[in-house]
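Trainee: Before I ask anything, here is the structure I am working with.
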Amino acid sequence: MATLSFEGETHGELVIKVRRWLASLEGEEPGHMATADAIEQGAELTKEALRIIAAAAPEPIAQHEVVKALTGLGYKATDATKEAIIDGLDSVEEVTGGSVVKRARDVAEQAVYEMNAQVARQILKSLRPR
């Protein structure tokens, strides 16, 4: 019987590893992720942060109904925001045939490249003898 296992300290780490593995099976580049997946991961990280913050409070405070209610509202707000963003992007993609989302992804990749080139120039400049 075949088995598959992933190790991680948090839920987010496991999700990332599983998605990378799935992307490798589908022939996608592991560094690229679908926009909806990135939004989903961001929402899960936000909810994990809310859970950690609530758990870090002293027990009488963490167990108080107000803290529980606020944490629950944070989860609901995060999920509602995630769904609204994904629905909005789906609408934009449907109207434009995907060109706007792809163009934004291309611009983002270019911006990262340009930023890295500027950092490299600064490093080279600082290494040159004066």
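Trainee: Just checking, which of L50, L45 is at pLDDT 75 or above and within 10 Å of the chain's Cα centre (by Cα)? Outline the logic, then answer.
Mentor: Details: L50 fails: within 10 Å of the chain's Cα centre (by Cα).
Answer to the check: L45.
Trainee: Still on this structure, please answer the following. What are the residues in segment 81-102 that are surrounded by 11 or more Cβ atoms within 10 Å (Cβ to Cβ) and either at pLDDT below 85 or not in a helix (DSSP H, G or I) (or both), if any?
Mentor: L89, D90, V92, E93, T96, G98, S99, V100, V101, K102
The values are calculated or read from the model by the stated rules, or taken from the named source; none is laboratory data. No experiment lies behind these values; they were computed from the predicted model shown. Methodologically, a virtual Cβ is constructed for each residue, glycine included, from the backbone with ideal geometry; neighbour enumeration extends over all protein chains shown.
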